[in-house]
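**Student:** Below are the C-alpha cells for one structure; questions will follow.
We did not get these values from a lab; they are worked out from the coordinates using the rules stated. In this text, all values refer to a predicted model and were calculated from it rather than measured experimentally. Because the Cβ atoms are built from the backbone with ideal geometry, glycine has one as well, and the counts that use them run over all protein chains shown.
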Amino acid sequence: MAAVKRICDRRRAQTALTTDYSRKELIDTSQEKFKQSPGLNHWATIQNLKIAASSYAGADSIEDLEDKISSKSTLAKTARQSLIDTEHQLKELGEILKYAKDYQTNKLYNFRYKKSKDPDAYFRRHETELTLFDGAENMLKRFGINPKTLDLEQLQADYNALQAKKTELQKTYKAAEKEVADLNQKLANIKQYLGQEQTPERAESTKKEQSL
C-alpha cells in the first residue's frame, strides 16, 4: 500500500509540475531579451495565456477543470434521478393521503349507517359520504394499508418531508447544471485561447512542420 501511495504521489507531483499554471506569475515580455528573440517571446506569450486561462477557470490545469466538470455532471445526474424518484414517491403518497383523509372524514357516517334503524333512508341522505368512505377504504387496502390502523398525522409528516426533500434536490440539480454549463464554457474558452481548437488548415500545417 505504501508503494502504491508513493507512486500516486509522484504522479500527482509530476502532473502539477507540468500543468499547474494557476500559482505562477505572468512573464514580463517587455524585457529586451524577449524583443530580440521572437521564439522566446512566442513561448512566453503561450505561457502567459496558460497562466491567465488557469486563473480564469479557478483550476490548476485543464485536466483539473475537466475533473470538476465530470464531478459536477455526476452530481447533477444523481440529483436528477433522486428528484424523479422523490416525485414518484410524492405522487403515490399524495394519493394515499387523499384517501386517508376521505376515510377519516367519512368514517363517522359509516359508523352511523351501520347503527341506523333505517339504513336505506340514512344511505339516501348520506350517499356521497358513504360512497367516499367505501372508495377510500378499498383504495387504502390496495396500497397495502390497514385503514383501521393508519396514522393520518404521520402520513402528512412523511409527505411534508418528501416535499422538503424535493425542494432541496431541485436546488442541487439546478445549481449543478448551471455550474457544469459555466465550467464547460470556461473550458471551451481556454482551449480556444491555447489554440487547441485548430482549424483543418492549421492542423495540416502543424503536421507538415512536425514531419520536416
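**Student:** Once both labels are modelled 7 Å past Cα along the beta-carbon direction, what's the A181-D134 spacing in nm?
**Tutor:** Using points 7 Å along Cα→Cβ, the separation is 5.4 nm.
**Student:** Where the centre of each part is set by its Cα atoms, how far does segment 108-134 sit from segment 152-166, in angstrom?
**Tutor:** 32
**Student:** How long is the gain from Q192 to S71 if the chain were fully straight, where each residue apart is worth 0.36 nm and the alpha carbon distance is subtracted?
**Tutor:** 41.3 nm
**Student:** Calculate, in nm to one decimal, what K174 and D28 gain on full extension: separation in residues at 0.36 nm each, minus their alpha carbon distance.
**Tutor:** In short, 48.4 nm is gained.
**Student:** R0 = 35 Å: FRET efficiency of D85 with T105, Cβ-based, nearest 0.05?
**Tutor:** According to the calculation, E is roughly 0.70.
**Student:** Hey, another quick one. Which whole number in µm²/s is D for segment 61-195 by Stokes-Einstein, with the Kirkwood Rh taken over Cα pairs at 4 °C and 1.567 mPa s?
**Tutor:** 69
**Student:** Can I ask one more? Listed here are the pairs K101/K165; K117/K148; K115/K148; K77/K141; which of them are more than 26 Å apart at the Cα?
**Tutor:** K77/K141
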